[in-house]
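The values are calculated or read from the model by the stated rules, or taken from the named source; none is laboratory data. Bear in mind the structure is a predicted one, so any value in this text is a computation, not a measurement. All Cβ positions, even for glycine, are placed from backbone atoms using ideal geometry, and neighbour counts span all protein chains on display. Remember, those area values only see protein heavy atoms, side chains included, never the ligands or the DNA or RNA. Shrake-Rupley method; radii C 1.70, N 1.55, O 1.52, S 1.80 Å.
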Amino acid sequence: MANRGNFSGNIGFILAAAGSAVGLGNIWKFPYEAGQNGGAAFLLIYILLTFLLCYPIMIGEIAIGRRAGSDAYGSYRQLGGKRWGYLGLFGILCGIMILSFYNVVAGWAFGYFLEISFGSLLDHPNYGTFFSEYVIDFWDNLIFSACFMAITAFIVLKGVQKGIEAASKIMMPALFSILIILIAYSLTLPNASAGISFYLLPDFSKINFQTIYSAMGQAFFSLSLGMGALITYGSYVGKNQNVIGAAATITLMDMSVAFLSGLLIFPLVFSQGQSPAEGPALVFVVLPGIFNAMGPIIGRLMGGGFFLLLCFAALTSTVSLLEVPVAYFVDQKKWSRKKTTWLLAVFIFVVGLPSMLSQGAVEMFTHLPFYQDRSALDFVSEVFSDISLPLGGFLMTLFIVTRWGTNNMSEELSLGNESYRNSLLEKYVNFSIRYICPVILGIFSVLIIIDKFYGIDKLTN
(Lines give C-alpha, C1' and ligand atoms only; values in the text may rest on other atoms or scores of the structure.)
Protein backbone atom coordinates (compact mmCIF):
# COMPACT_ATOMS: atom_id res chain seq x y z
CA MET A 1 0.00 0.00 0.00
CA ALA A 2 2.77 2.42 0.86
CA ASN A 3 4.25 2.17 -2.63
CA ARG A 4 0.88 2.78 -4.26
CA GLY A 5 0.22 5.96 -2.29
CA ASN A 6 -2.77 7.09 -0.29
CA PHE A 7 -4.84 10.21 0.16
CA SER A 8 -3.63 12.24 3.12
CA GLY A 9 -7.06 12.25 4.74
CA ASN A 10 -10.80 12.61 4.23
CA ILE A 11 -10.56 16.12 2.78
CA GLY A 12 -8.03 15.05 0.18
CA PHE A 13 -10.13 12.04 -0.83
CA ILE A 14 -13.39 14.03 -0.99
CA LEU A 15 -11.88 16.78 -3.15
CA ALA A 16 -10.18 14.28 -5.47
CA ALA A 17 -13.27 12.08 -5.82
CA ALA A 18 -15.52 15.13 -6.21
CA GLY A 19 -13.08 16.37 -8.85
CA SER A 20 -13.43 13.03 -10.62
CA ALA A 21 -17.21 13.41 -10.53
CA VAL A 22 -17.33 17.12 -11.35
CA GLY A 23 -16.39 17.65 -14.96
CA LEU A 24 -17.68 18.34 -18.44
CA GLY A 25 -20.67 16.19 -17.51
CA ASN A 26 -21.80 18.87 -15.06
CA ILE A 27 -21.02 22.09 -16.93
CA TRP A 28 -21.15 21.07 -20.60
CA LYS A 29 -23.46 18.04 -20.72
CA PHE A 30 -25.93 18.66 -17.86
CA PRO A 31 -27.24 22.02 -19.16
CA TYR A 32 -27.84 20.79 -22.70
CA GLU A 33 -29.45 17.55 -21.45
CA ALA A 34 -31.72 19.61 -19.18
CA GLY A 35 -32.44 22.03 -22.02
CA GLN A 36 -33.47 19.21 -24.35
CA ASN A 37 -35.51 17.32 -21.75
CA GLY A 38 -37.82 19.83 -20.13
CA GLY A 39 -35.59 21.82 -17.80
CA ALA A 40 -36.98 21.47 -14.29
CA ALA A 41 -38.57 18.09 -15.09
CA PHE A 42 -35.14 16.72 -16.00
CA LEU A 43 -33.56 18.30 -12.92
CA LEU A 44 -36.13 16.65 -10.65
CA ILE A 45 -35.59 13.17 -12.12
CA TYR A 46 -31.81 13.67 -12.05
CA ILE A 47 -31.81 14.51 -8.33
CA LEU A 48 -34.13 11.58 -7.53
CA LEU A 49 -32.04 9.04 -9.44
CA THR A 50 -28.81 10.40 -7.98
CA PHE A 51 -29.94 9.57 -4.45
CA LEU A 52 -31.95 6.44 -5.30
CA LEU A 53 -29.39 4.70 -7.53
CA CYS A 54 -26.08 6.52 -7.70
CA TYR A 55 -25.36 7.13 -4.01
CA PRO A 56 -25.60 3.42 -3.03
CA ILE A 57 -23.52 2.40 -6.06
CA MET A 58 -20.88 4.99 -5.20
CA ILE A 59 -20.69 3.59 -1.66
CA GLY A 60 -20.35 0.06 -3.05
CA GLU A 61 -17.54 1.00 -5.47
CA ILE A 62 -15.51 2.84 -2.83
CA ALA A 63 -15.99 -0.05 -0.38
CA ILE A 64 -14.76 -2.60 -2.95
CA GLY A 65 -11.65 -0.55 -3.69
CA ARG A 66 -10.80 0.10 -0.04
CA ARG A 67 -11.29 -3.54 1.00
CA ALA A 68 -9.03 -4.87 -1.77
CA GLY A 69 -6.55 -1.97 -1.85
CA SER A 70 -6.04 -2.45 -5.58
CA ASP A 71 -7.04 -1.22 -9.04
CA ALA A 72 -10.45 -2.10 -10.52
CA TYR A 73 -9.30 -5.41 -12.01
CA GLY A 74 -7.30 -6.41 -8.95
CA SER A 75 -10.15 -5.50 -6.59
CA TYR A 76 -12.77 -7.58 -8.39
CA ARG A 77 -10.36 -10.48 -8.82
CA GLN A 78 -9.19 -10.43 -5.20
CA LEU A 79 -12.70 -10.29 -3.76
CA GLY A 80 -14.53 -12.38 -6.35
CA GLY A 81 -12.10 -14.56 -8.29
CA LYS A 82 -10.60 -14.49 -11.78
CA ARG A 83 -13.90 -14.32 -13.67
CA TRP A 84 -15.04 -11.23 -11.80
CA GLY A 85 -11.72 -9.61 -12.67
CA TYR A 86 -13.05 -9.22 -16.21
CA LEU A 87 -15.64 -6.80 -14.87
CA GLY A 88 -12.75 -4.65 -13.67
CA LEU A 89 -11.16 -4.84 -17.13
CA PHE A 90 -14.48 -3.80 -18.64
CA GLY A 91 -14.52 -0.71 -16.41
CA ILE A 92 -10.90 0.10 -17.28
CA LEU A 93 -11.72 -0.18 -21.01
CA CYS A 94 -14.69 2.18 -20.54
CA GLY A 95 -12.47 4.69 -18.76
CA ILE A 96 -9.91 4.58 -21.59
CA MET A 97 -12.53 5.05 -24.29
CA ILE A 98 -14.37 7.81 -22.41
CA LEU A 99 -11.10 9.69 -21.90
CA SER A 100 -10.34 9.33 -25.63
CA PHE A 101 -13.36 11.46 -26.61
CA TYR A 102 -13.51 13.49 -23.40
CA ASN A 103 -10.05 14.84 -24.12
CA VAL A 104 -11.25 16.03 -27.54
CA VAL A 105 -14.10 18.05 -26.01
CA ALA A 106 -11.73 19.34 -23.30
CA GLY A 107 -9.47 20.53 -26.13
CA TRP A 108 -12.40 22.45 -27.60
CA ALA A 109 -12.98 24.14 -24.22
CA PHE A 110 -9.27 25.01 -23.92
CA GLY A 111 -9.23 26.44 -27.44
CA TYR A 112 -12.37 28.49 -26.78
CA PHE A 113 -10.85 29.88 -23.59
CA LEU A 114 -7.86 31.14 -25.61
CA GLU A 115 -9.97 32.35 -28.56
CA ILE A 116 -12.37 34.34 -26.36
CA SER A 117 -9.78 35.70 -23.94
CA PHE A 118 -7.06 36.58 -26.43
CA GLY A 119 -8.46 35.98 -29.92
CA SER A 120 -11.27 37.25 -32.14
CA LEU A 121 -13.98 34.65 -31.50
CA LEU A 122 -16.48 37.13 -30.06
CA ASP A 123 -16.19 39.29 -33.20
CA HIS A 124 -17.16 36.43 -35.53
CA PRO A 125 -20.41 37.11 -37.42
CA ASN A 126 -21.79 33.57 -36.98
CA TYR A 127 -20.93 31.43 -33.94
CA GLY A 128 -22.51 28.30 -35.37
CA THR A 129 -20.27 28.59 -38.43
CA PHE A 130 -17.25 29.31 -36.22
CA PHE A 131 -17.90 26.18 -34.16
CA SER A 132 -18.40 24.01 -37.26
CA GLU A 133 -15.17 25.31 -38.77
CA TYR A 134 -13.35 25.06 -35.45
CA VAL A 135 -14.11 21.36 -34.81
CA ILE A 136 -13.09 20.52 -38.39
CA ASP A 137 -9.71 22.24 -37.98
CA PHE A 138 -7.49 19.22 -37.32
CA TRP A 139 -4.32 21.04 -36.32
CA ASP A 140 -5.92 23.33 -33.74
CA ASN A 141 -7.74 20.38 -32.22
CA LEU A 142 -4.60 18.28 -32.26
CA ILE A 143 -2.56 20.94 -30.46
CA PHE A 144 -5.15 21.87 -27.82
CA SER A 145 -6.12 18.24 -27.07
CA ALA A 146 -2.45 17.24 -26.89
CA CYS A 147 -1.79 20.08 -24.43
CA PHE A 148 -4.72 18.98 -22.29
CA MET A 149 -3.59 15.36 -22.27
CA ALA A 150 -0.04 16.43 -21.38
CA ILE A 151 -1.28 18.47 -18.40
CA THR A 152 -3.41 15.50 -17.29
CA ALA A 153 -0.45 13.14 -17.55
CA PHE A 154 1.81 15.53 -15.63
CA ILE A 155 -0.62 15.57 -12.68
CA VAL A 156 -1.14 11.80 -12.68
CA LEU A 157 2.56 10.93 -12.83
CA LYS A 158 3.15 13.02 -9.69
CA GLY A 159 1.20 10.38 -7.76
CA VAL A 160 -1.79 10.31 -5.42
CA GLN A 161 -0.93 13.00 -2.85
CA LYS A 162 1.48 15.25 -4.75
CA GLY A 163 -0.41 15.04 -8.03
CA ILE A 164 -4.11 14.12 -7.89
CA GLU A 165 -4.85 15.38 -4.37
CA ALA A 166 -2.74 18.55 -4.62
CA ALA A 167 -4.30 19.53 -7.96
CA SER A 168 -7.82 18.86 -6.66
CA LYS A 169 -7.25 21.06 -3.61
CA ILE A 170 -6.51 23.97 -5.95
CA MET A 171 -8.94 23.32 -8.80
CA MET A 172 -12.10 22.45 -6.86
CA PRO A 173 -12.22 25.69 -4.81
CA ALA A 174 -11.27 27.65 -7.95
CA LEU A 175 -14.06 25.95 -9.89
CA PHE A 176 -16.70 26.81 -7.27
CA SER A 177 -15.42 30.40 -7.00
CA ILE A 178 -15.59 31.06 -10.74
CA LEU A 179 -19.03 29.44 -10.95
CA ILE A 180 -20.49 31.58 -8.16
CA ILE A 181 -19.08 34.81 -9.66
CA LEU A 182 -20.54 34.01 -13.08
CA ILE A 183 -23.95 33.11 -11.60
CA ALA A 184 -24.09 36.36 -9.64
CA TYR A 185 -23.67 38.27 -12.90
CA SER A 186 -26.06 36.14 -14.98
CA LEU A 187 -28.93 36.65 -12.51
CA THR A 188 -28.76 40.42 -13.06
CA LEU A 189 -29.46 40.16 -16.81
CA PRO A 190 -32.81 41.10 -18.38
CA ASN A 191 -35.28 38.20 -18.64
CA ALA A 192 -33.08 36.01 -16.42
CA SER A 193 -36.26 35.14 -14.50
CA ALA A 194 -37.60 33.26 -17.55
CA GLY A 195 -34.53 31.04 -17.46
CA ILE A 196 -35.02 30.47 -13.73
CA SER A 197 -38.66 29.51 -14.30
CA PHE A 198 -37.72 27.05 -17.06
CA TYR A 199 -35.08 25.53 -14.81
CA LEU A 200 -36.85 25.42 -11.44
CA LEU A 201 -40.60 25.16 -12.12
CA PRO A 202 -41.28 21.61 -13.41
CA ASP A 203 -43.79 20.80 -16.13
CA PHE A 204 -44.59 17.18 -15.30
CA SER A 205 -46.03 16.58 -18.77
CA LYS A 206 -42.42 16.78 -20.05
CA ILE A 207 -41.44 13.62 -18.14
CA ASN A 208 -41.19 10.57 -20.42
CA PHE A 209 -38.84 7.64 -21.00
CA GLN A 210 -36.32 9.87 -22.77
CA THR A 211 -36.24 12.24 -19.79
CA ILE A 212 -35.73 9.41 -17.30
CA TYR A 213 -33.02 7.52 -19.10
CA SER A 214 -31.19 10.72 -20.11
CA ALA A 215 -31.22 11.75 -16.45
CA MET A 216 -29.88 8.35 -15.38
CA GLY A 217 -27.13 8.38 -18.00
CA GLN A 218 -26.22 11.91 -16.94
CA ALA A 219 -26.04 10.92 -13.26
CA PHE A 220 -23.75 7.95 -13.96
CA PHE A 221 -21.52 9.91 -16.35
CA SER A 222 -21.32 12.87 -14.00
CA LEU A 223 -20.46 10.81 -10.91
CA SER A 224 -17.86 8.64 -12.72
CA LEU A 225 -19.72 5.45 -11.81
CA GLY A 226 -19.47 2.07 -13.51
CA MET A 227 -15.92 2.50 -14.87
CA GLY A 228 -13.68 1.72 -11.92
CA ALA A 229 -12.69 5.30 -11.10
CA LEU A 230 -14.14 5.26 -7.58
CA ILE A 231 -12.91 1.71 -6.97
CA THR A 232 -9.43 2.97 -7.83
CA TYR A 233 -9.76 6.09 -5.68
CA GLY A 234 -11.28 3.97 -2.89
CA SER A 235 -8.14 1.85 -2.87
CA TYR A 236 -6.20 4.93 -1.73
CA VAL A 237 -8.53 5.60 1.23
CA GLY A 238 -7.43 4.81 4.78
CA LYS A 239 -9.40 2.38 6.94
CA ASN A 240 -10.11 5.09 9.51
CA GLN A 241 -11.95 7.32 7.02
CA ASN A 242 -15.74 7.55 6.91
CA VAL A 243 -16.74 6.31 3.45
CA ILE A 244 -20.46 6.87 4.04
CA GLY A 245 -20.02 10.54 4.93
CA ALA A 246 -17.44 11.08 2.19
CA ALA A 247 -19.72 9.56 -0.47
CA ALA A 248 -22.60 11.78 0.66
CA THR A 249 -20.38 14.88 0.45
CA ILE A 250 -19.05 13.89 -2.99
CA THR A 251 -22.58 13.29 -4.28
CA LEU A 252 -23.81 16.63 -2.95
CA MET A 253 -20.80 18.51 -4.36
CA ASP A 254 -21.24 16.95 -7.78
CA MET A 255 -24.97 17.61 -7.80
CA SER A 256 -24.39 21.16 -6.60
CA VAL A 257 -22.07 21.94 -9.52
CA ALA A 258 -24.58 20.50 -11.99
CA PHE A 259 -27.39 22.50 -10.39
CA LEU A 260 -25.33 25.71 -10.31
CA SER A 261 -24.33 25.21 -13.96
CA GLY A 262 -27.98 25.27 -14.95
CA LEU A 263 -28.50 28.30 -12.72
CA LEU A 264 -25.71 30.01 -14.68
CA ILE A 265 -26.53 28.97 -18.24
CA PHE A 266 -30.33 29.21 -18.50
CA PRO A 267 -30.55 32.86 -17.36
CA LEU A 268 -27.82 33.64 -19.92
CA VAL A 269 -29.68 31.77 -22.67
CA PHE A 270 -33.09 33.28 -21.95
CA SER A 271 -31.66 36.78 -21.51
CA GLN A 272 -30.80 36.71 -25.23
CA GLY A 273 -34.00 34.99 -26.33
CA GLN A 274 -32.14 31.83 -27.36
CA SER A 275 -33.49 28.27 -27.31
CA PRO A 276 -32.28 26.06 -24.43
CA ALA A 277 -32.62 22.95 -26.62
CA GLU A 278 -29.52 23.52 -28.76
CA GLY A 279 -27.97 20.20 -27.76
CA PRO A 280 -24.23 19.46 -27.32
CA ALA A 281 -23.24 22.72 -29.05
CA LEU A 282 -25.16 24.85 -26.50
CA VAL A 283 -22.14 26.25 -24.68
CA PHE A 284 -20.06 26.57 -27.86
CA VAL A 285 -22.67 28.17 -30.14
CA VAL A 286 -25.17 30.02 -27.94
CA LEU A 287 -22.98 31.33 -25.13
CA PRO A 288 -20.40 33.22 -27.25
CA GLY A 289 -23.21 35.36 -28.67
CA ILE A 290 -24.39 36.10 -25.14
CA PHE A 291 -20.88 37.06 -24.04
CA ASN A 292 -20.53 39.29 -27.10
CA ALA A 293 -23.72 41.14 -26.14
CA MET A 294 -22.12 42.00 -22.79
CA GLY A 295 -19.56 44.25 -24.45
CA PRO A 296 -15.90 43.85 -25.42
CA ILE A 297 -14.46 43.93 -21.89
CA ILE A 298 -17.10 42.22 -19.73
CA GLY A 299 -17.79 39.75 -22.55
CA ARG A 300 -14.17 38.63 -22.68
CA LEU A 301 -13.95 38.40 -18.90
CA MET A 302 -17.21 36.44 -18.56
CA GLY A 303 -16.56 34.27 -21.62
CA GLY A 304 -12.95 33.58 -20.69
CA GLY A 305 -13.99 32.86 -17.11
CA PHE A 306 -16.67 30.42 -18.22
CA PHE A 307 -14.40 28.42 -20.51
CA LEU A 308 -11.63 28.47 -17.90
CA LEU A 309 -14.22 26.98 -15.54
CA LEU A 310 -14.97 24.34 -18.16
CA CYS A 311 -11.23 23.56 -18.46
CA PHE A 312 -10.84 23.15 -14.68
CA ALA A 313 -13.88 20.89 -14.55
CA ALA A 314 -12.60 18.79 -17.45
CA LEU A 315 -9.12 18.46 -15.97
CA THR A 316 -10.31 17.12 -12.61
CA SER A 317 -12.11 14.35 -14.52
CA THR A 318 -9.43 13.55 -17.11
CA VAL A 319 -7.03 13.00 -14.21
CA SER A 320 -9.28 10.34 -12.67
CA LEU A 321 -9.97 8.74 -16.05
CA LEU A 322 -6.25 8.36 -16.71
CA GLU A 323 -5.55 7.14 -13.18
CA VAL A 324 -7.84 4.11 -13.68
CA PRO A 325 -5.69 2.33 -16.32
CA VAL A 326 -2.47 3.69 -14.78
CA ALA A 327 -3.34 2.02 -11.46
CA TYR A 328 -3.99 -1.26 -13.31
CA PHE A 329 -0.56 -1.36 -14.96
CA VAL A 330 1.23 -0.19 -11.81
CA ASP A 331 -0.55 -2.77 -9.61
CA GLN A 332 -0.79 -5.74 -11.96
CA LYS A 333 2.18 -5.35 -14.30
CA LYS A 334 4.49 -3.56 -11.82
CA TRP A 335 5.32 -0.85 -14.34
CA SER A 336 6.66 2.44 -13.04
CA ARG A 337 4.08 5.23 -12.68
CA LYS A 338 6.08 7.56 -14.95
CA LYS A 339 6.45 5.07 -17.79
CA THR A 340 2.83 3.92 -17.51
CA THR A 341 1.38 7.43 -17.43
CA TRP A 342 3.13 8.70 -20.54
CA LEU A 343 2.58 5.50 -22.56
CA LEU A 344 -1.13 5.46 -21.75
CA ALA A 345 -1.51 9.20 -22.37
CA VAL A 346 -0.05 8.82 -25.87
CA PHE A 347 -2.05 5.64 -26.56
CA ILE A 348 -5.38 7.16 -25.44
CA PHE A 349 -4.66 10.34 -27.39
CA VAL A 350 -4.18 8.27 -30.55
CA VAL A 351 -7.36 6.27 -29.82
CA GLY A 352 -9.19 9.61 -29.66
CA LEU A 353 -8.12 10.72 -33.15
CA PRO A 354 -11.21 9.23 -34.90
CA SER A 355 -13.43 11.23 -32.50
CA MET A 356 -11.36 14.33 -33.25
CA LEU A 357 -11.79 13.78 -36.99
CA SER A 358 -15.48 12.91 -36.78
CA GLN A 359 -16.91 16.43 -36.82
CA GLY A 360 -16.56 16.85 -40.58
CA ALA A 361 -12.82 16.50 -41.12
CA VAL A 362 -12.97 12.89 -42.36
CA GLU A 363 -16.16 11.48 -43.88
CA MET A 364 -15.64 7.86 -42.77
CA PHE A 365 -15.50 8.98 -39.12
CA THR A 366 -18.23 11.63 -39.48
CA HIS A 367 -20.89 9.18 -40.74
CA LEU A 368 -20.41 5.64 -39.51
CA PRO A 369 -22.52 3.34 -41.73
CA PHE A 370 -22.88 0.72 -38.98
CA TYR A 371 -24.13 3.29 -36.44
CA GLN A 372 -27.04 4.99 -38.20
CA ASP A 373 -24.63 7.42 -39.92
CA ARG A 374 -23.72 9.03 -36.59
CA SER A 375 -20.15 10.10 -35.87
CA ALA A 376 -17.29 8.21 -34.25
CA LEU A 377 -17.50 10.58 -31.27
CA ASP A 378 -21.21 9.73 -30.91
CA PHE A 379 -20.39 6.03 -31.10
CA VAL A 380 -17.69 6.12 -28.43
CA SER A 381 -19.71 8.42 -26.17
CA GLU A 382 -22.92 6.45 -26.40
CA VAL A 383 -21.48 2.92 -26.28
CA PHE A 384 -18.88 3.45 -23.56
CA SER A 385 -20.76 6.07 -21.52
CA ASP A 386 -24.52 6.01 -22.05
CA ILE A 387 -24.71 2.21 -22.37
CA SER A 388 -21.69 0.84 -20.52
CA LEU A 389 -21.77 2.91 -17.31
CA PRO A 390 -25.29 1.87 -16.20
CA LEU A 391 -24.41 -1.68 -17.30
CA GLY A 392 -21.23 -1.54 -15.21
CA GLY A 393 -23.26 -0.35 -12.22
CA PHE A 394 -25.73 -3.19 -12.74
CA LEU A 395 -22.95 -5.80 -12.87
CA MET A 396 -21.31 -4.29 -9.77
CA THR A 397 -24.53 -4.79 -7.78
CA LEU A 398 -24.65 -8.42 -8.97
CA PHE A 399 -21.07 -8.85 -7.78
CA ILE A 400 -21.91 -7.55 -4.31
CA VAL A 401 -25.15 -9.50 -4.02
CA THR A 402 -24.02 -12.85 -5.46
CA ARG A 403 -20.29 -12.96 -4.67
CA TRP A 404 -18.87 -10.53 -2.12
CA GLY A 405 -21.99 -10.11 -0.01
CA THR A 406 -23.72 -7.09 1.49
CA ASN A 407 -22.57 -8.23 4.95
CA ASN A 408 -18.91 -7.91 3.89
CA MET A 409 -19.69 -4.52 2.36
CA SER A 410 -21.31 -3.36 5.61
CA GLU A 411 -18.33 -4.61 7.60
CA GLU A 412 -15.98 -2.57 5.41
CA LEU A 413 -18.19 0.53 5.59
CA SER A 414 -18.35 0.34 9.39
CA LEU A 415 -14.60 0.97 9.53
CA GLY A 416 -14.38 4.67 10.21
CA ASN A 417 -18.11 4.82 11.00
CA GLU A 418 -19.04 2.46 13.83
CA SER A 419 -22.63 3.74 13.97
CA TYR A 420 -23.28 2.48 10.42
CA ARG A 421 -23.90 -1.11 11.53
CA ASN A 422 -27.63 -1.84 12.08
CA SER A 423 -28.56 1.75 11.17
CA LEU A 424 -31.45 2.74 8.91
CA LEU A 425 -28.89 3.92 6.34
CA GLU A 426 -27.29 0.45 6.25
CA LYS A 427 -30.69 -1.13 5.70
CA TYR A 428 -31.45 1.32 2.90
CA VAL A 429 -28.07 0.86 1.17
CA ASN A 430 -28.28 -2.94 1.36
CA PHE A 431 -31.89 -3.00 0.15
CA SER A 432 -31.03 -0.67 -2.72
CA ILE A 433 -27.97 -2.74 -3.75
CA ARG A 434 -29.96 -5.99 -3.51
CA TYR A 435 -33.21 -4.98 -5.18
CA ILE A 436 -33.67 -1.41 -6.41
CA CYS A 437 -30.40 -0.91 -8.33
CA PRO A 438 -30.22 -4.30 -10.08
CA VAL A 439 -33.85 -4.20 -11.23
CA ILE A 440 -33.90 -0.60 -12.46
CA LEU A 441 -30.40 -0.68 -13.97
CA GLY A 442 -31.00 -4.09 -15.58
CA ILE A 443 -34.19 -2.91 -17.28
CA PHE A 444 -32.76 0.41 -18.35
CA SER A 445 -29.54 -1.15 -19.66
CA VAL A 446 -31.59 -3.26 -22.06
CA LEU A 447 -33.83 -0.34 -23.07
CA ILE A 448 -30.89 2.00 -23.63
CA ILE A 449 -29.15 -0.54 -25.89
CA ILE A 450 -32.37 -0.95 -27.90
CA ASP A 451 -32.81 2.81 -28.11
CA LYS A 452 -29.26 3.56 -29.24
CA PHE A 453 -29.17 0.90 -31.96
CA TYR A 454 -32.83 0.74 -32.97
CA GLY A 455 -34.86 3.56 -31.40
CA ILE A 456 -37.41 3.23 -28.63
CA ASP A 457 -39.82 5.43 -30.56
CA LYS A 458 -39.97 2.82 -33.33
CA LEU A 459 -40.94 0.16 -30.80
CA THR A 460 -43.70 2.23 -29.26
CA ASN A 461 -45.26 3.49 -32.53
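Under 28 Å of direct C-alpha separation, and excluding same-chain neighbours fewer than eight residues apart, residue 169 reaches these lysines: 29, 158, 239, 338, 339.
Send over a whole-number figure in Å² for the accessible area per residue of segment 1-117, probe 1.4 Å.
Values: 3010 Å² over 117 residues.
About 26 Å² of surface per residue is accessible.
If you filter segment 282-370 for trypsin sites (Lys or Arg not before Pro), then keep DSSP loop positions with at most 14 other Cβ within 10 Å, what is left? Before the final figure, lay out the partial values.
On the way: sites: 300, 333, 334, 337, 338, 339; in loops: 333, 334.
In loop regions of segment 282-370 (DSSP not H, G, I, E or B), the sparsely surrounded trypsin sites (Lys or Arg not before Pro) are 333, 334.
Directionally averaged projected area (segment 340-404, Cα convex hull): 6.3 nm².
Extending 7 Å from Cα along the Cβ direction at residue 407 and again at residue 161 yields two label points whose distance is 3.7 nm.
In the chain, the calculated helix contribution to ellipticity at 222 nm averages -22000 deg cm²/dmol per residue, counting -39,500 (n - 2.57) for every DSSP H run with n ≥ 4. Taken per residue, the accessible surface of segment 189-347 reaches 33 Å², heavy atoms only and a 1.4 Å probe. At 0.36 nm per residue, minus the direct Cα-Cα distance, what do residue 256 and residue 277 gain on full extension? Give it in nm, one decimal, please. That works out to 5.4 nm of additional length. Volume per residue of the convex hull around the Cα atoms, evaluated for segment 243-283, comes out as 66 Å³. Projecting the Cα positions of 286, 436, 89 onto the charge dipole of the chain (unit charges on Cβ atoms of Lys, Arg, Asp and Glu, taken about the Cα centre) puts 89 furthest along the positive direction.
Using the Cα centre of segment 204-340 as the reference point, and only Cβ charges (+1 on K/R, -1 on D/E), how large is the resulting charge dipole? Debye, rounded to the nearest 20.
The calculation lands at about 520 debye.
The packing ranking of peptides 370-378, 321-329, highest mean first, is 321-329, 370-378, where packing means the average number of other beta carbon atoms within 10 angstrom of each residue. For segment 11-131, the direction-averaged projected area of the alpha-carbon convex hull comes to 10.7 nm². Taking the Cβ-Cβ separation of residue 201 and residue 293 as r and a Förster radius of 45 Å, what is the calculated FRET efficiency to the nearest 0.05? Efficiency, from the Cβ-Cβ distance: 0.95.
Computed from the alpha carbon atoms alone, the convex hull of segment 195-300 holds 157 Å³ per residue. An ellipsoid equivalent to segment 337-461, defined through the eigenvalues of its Cα gyration tensor, has semi-axes of 38, 24, 9 Å when rounded to whole angstrom and sorted largest first. For trypsin sites (Lys or Arg not before Pro), no site in segment 149-215 is both called loop by DSSP and has at most 14 other Cβ atoms within 10 Å.
With a Förster radius of 56 Å, plug the Cβ-Cβ distance of residue 188 and residue 427 into 1/(1 + (r/R0)^6) and report the FRET value to the nearest 0.05. List each step's numbers first, then the result.
Numbers: r = 47 Å, r/R0 = 0.83.
E(calc), rounded to 0.05, equals 0.75.
Mind giving me the FRET efficiency for residue 450 and residue 373? R0 is 25 Å, r the Cβ-Cβ distance, nearest 0.05 is fine. Write down the numbers at each step before the final one.
Numbers: r = 18 Å, r/R0 = 0.74.
Using R0 = 25 Å, I get an efficiency of 0.85.
Expressed as a whole percent, how much of the Cα-Cα distance distribution for segment 257-362 exceeds 23 Å? Here the long-distance tail beyond 23 Å is 49 percent of all Cα pairs in segment 257-362.
With only Lys, Arg, Asp and Glu charged, each at its Cβ (+1 for the first two, -1 for the last two), find how big the charge dipole of segment 1-86 is about the Cα centre; round to the nearest 20 debye.
Values: 7 positive and 3 negative charges, 86 e Å.
Roughly 420 debye, rounded to the nearest 20.
Model label sites at residue 48 and residue 332, defined 7 Å from Cα along the beta-carbon direction, differ in position by 3.9 nm.
Roughly to the nearest percent, how much of the accessible area of segment 280-348 is carbon and sulfur, given a 1.4 Å probe? Carbon and sulfur together cover 73 percent of it.
Solvent-accessible area assigned to carbon and sulfur over segment 1-160 amounts to 64 percent, based on a 1.4 Å probe.
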